[in-house]
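The values are calculated or read from the model by the stated rules, or taken from the named source; none is laboratory data. If you're wondering where the values come from, they're calculated on a predicted model, not measured in any experiment. Cβ placement follows ideal geometry from the backbone for every residue including glycine, while neighbour counts extend to all protein chains displayed.
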Amino acid sequence: MNKTTFVALVGIPLLLASCIAAEQDNTECDIEAVSLHFDTPSDIFYHDYDTMMTVISSETNIEFVVRSYANVQSVPLTLRVTEGATIFIKSEDGTDVPFQNGSLVDFSDERIQRFHIVSEDKSWSRDYSISVVHEAPSEGNLFIDFEDYSLDPSGKYYQWVAPDVFTDGMWKNGNPGFKISKSSAKPLEYPSTPVAGGGPDGSACLKLETCDTGPFGKMVNMRLASGSMFNGIFDVGNALTDALKATQFGTPYLHKPIMMRGWFKFEPGSVFQDRMGNPIEGVIDEPDAYVVLYRNEDESGNKIQLDGNDVLSSPYIIGKGRLPHHYNADGTDQLTANPIHGLTSEWQEVTIPVVYTTEPDPTILQNKGYSIILGFASSWGGAYFKGAIGSKFCIDNIELFCE
């Protein structure tokens with residue numbers, strides 16, 4: 001072995017040691033999942049899987065819903081956090097106390113427990129709240145007027161309070177994703193906005209508009225954003241990598257919906273375009289409105305949550321009502337110059353009946369084995385980034401009738 005070779009070989013472990021020493025501590029400080037432990041989960045929750053909740057990156061308020069009679073005074077709690085992060089629980093005087101996973105936490109009287117997560121490198125931290133609430137009785141029928149809205153904490157876009165029967169009490173839409181693509185937009189330039197005094201009765205209504213997402217949207221091949229509103233989860237952290245999967249629909253429901261009725265008006269944009277932004281002549285954009293009831297647990301007891309891929313086609317759907325469209329032989333929406341939904345630029349009341357392929361099982365229904373979806377969009381192909389920029393779908397005074 002010559003001298004040069006020896007020096008090179010000796011240098012290899014020194015180089016590796018240098019790389020290891022240079023590796024930086026983790027800067028992330030997120031809660032990734034929360035678990036509550038009960039010996040008999042079915043006495044507390046409607047499903048065994050409800051004891052664990054995955055936390056999306058944009059969420060800091062975590063809420064579990066339990067049966068009305070559940071005792072949650074002393075609950076073992078486990079948090080999965082990003083690698084190297086340290087967990088602190090806030091004491092009553094506001095000081096941080098180190099938290100050990102599996103420790104007993106008092107969630108009685110719907111008290112909110114606050115946690116402080118500090119990154120491995122100690123430079124970053126994030127605050128979370130965790131609570132356990134008892135389910136309130138529900139009459140089933142809903143009336144939704146979209147009048148309870150406000151700007152989000154960033155002041156960039158509007159958000160709406162949802163009926164109490166929706167687990168987290170908030171409507172979801174694509175506004176947070178639009179913020180990423182067009183951060184310069186003003187609140188009333190977003191796809192989902194309120195119109196004060198614009199409803200058929202002079203109250204506020206909801207306006208959904210298909211909007212151009214600008215240069216950034218073009219770069220990621222998401223050239224338009226359909227205005228939308230639905231109950232469920234929107235994981236903005238995954239909106240750019242898998243928009244269909246990031247949009248998760250539905251919340252458990254105790255009743256059988258039979259009809260949705262509401263006031264609608266619609267003006268299509270002038271040019272329908274495909275995902276690549278190419279205009280398609282002879283096609284008129286159409287809105288979407290639907291109510292869906294689906295089985296939220298499979299044969300093995302695993303959770304089912306529909307997303308943008310199967311929200312209207314999943315085999316677990318047992319009942320569906322939708323604004324009329326023309327369909328292709330495979331059941332997909334048909335591109336057409338002759339819409340049949342009948343909506344115009346004038347307000348009109350529309351009734352959408354729910355048709356069942358399978359009747360809900362009463363026992364499963366009583367145990368929240370089905371989930372309901374209420375969904376609205378200004379472009380029915382918006383989930384696939386197809387539609388006409390400028391399409392406007394206004395909605396107000398939605399009523400859901402149940403047996």
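Here are a few things to note about the model shown:
- For the range 149-173, residues that are within 16 Å of residue 186 (Cβ to Cβ) and surrounded by 16 or more Cβ atoms within 10 Å (Cβ to Cβ) total 5.
- Any chance residue 293 is crowded, with 20+ Cβ neighbours inside 10 Å, more than 21 Å from the chain's Cα centre (by Cα) and assigned by TED's automatic domain parsing to the domain that holds residue 215: no
- Within the option set 74, 58, being out of contact with any Ser or Thr (no Cβ under 8 Å at 6 or more places or on another chain), polar (S, T, N, Q) and free of Cβ contacts under 8 Å to residues at least 40 places away in the same chain holds for one residue only, 74.
- Of all residues in the range 90-104 being touching a residue at least 12 places away in the same chain (Cβ under 8 Å) and in contact with a Ser or Thr (Cβ under 8 Å, 6 or more places away or on another chain), the one that is farthest from residue 25 (Cα to Cα): 104
- Residue check for residue 348: in contact with a Leu (Cβ under 7 Å, 6 or more places away or on another chain) and loosely packed, with under 14 Cβ neighbours inside 10 Å: no
- Hits in the range 80-108 - residues which are polar (S, T, N, Q) and part of a loop (DSSP other than H, G, I, E, B): 82, 91, 95, 100, 101, 103
- In the range 247-263, the count of residues that are touching a residue at least 12 places away in the same chain (Cβ under 8 Å), part of a loop (DSSP other than H, G, I, E, B), under 21 Å from residue 393 (Cα atoms) and in the same structural domain as residue 306 (by TED's automatic domain parsing) is zero.
- All of (1) in contact (Cβ under 8 Å) with a residue 12 or more places away in the chain; (2) more than 24 Å from the chain's Cα centre (by Cα) hold for residue 278 with one exception: (1).
- Candidate set from the range 356-377 (those that are in contact with a strand residue (DSSP E or B) (Cβ under 8 Å, 6 or more places away or on another chain) and assigned to a loop (DSSP other than H, G, I, E, B)); member that is modelled with the lowest pLDDT: 368
- Subset of the range 266-288 [part of a loop (DSSP other than H, G, I, E, B) and under 16 Å from residue 228 (Cβ atoms)]: 269, 285, 286, 287
- Tabulated pairs, the range 346-361, first touching a residue at least 24 places away in the same chain (Cβ under 8 Å) and farther than 13 Å from residue 403 by Cβ, second of a type in the set (D, E, K, R) and in a loop (DSSP other than H, G, I, E, B), C-beta under 9 angstrom, 6+ apart or interchain: none
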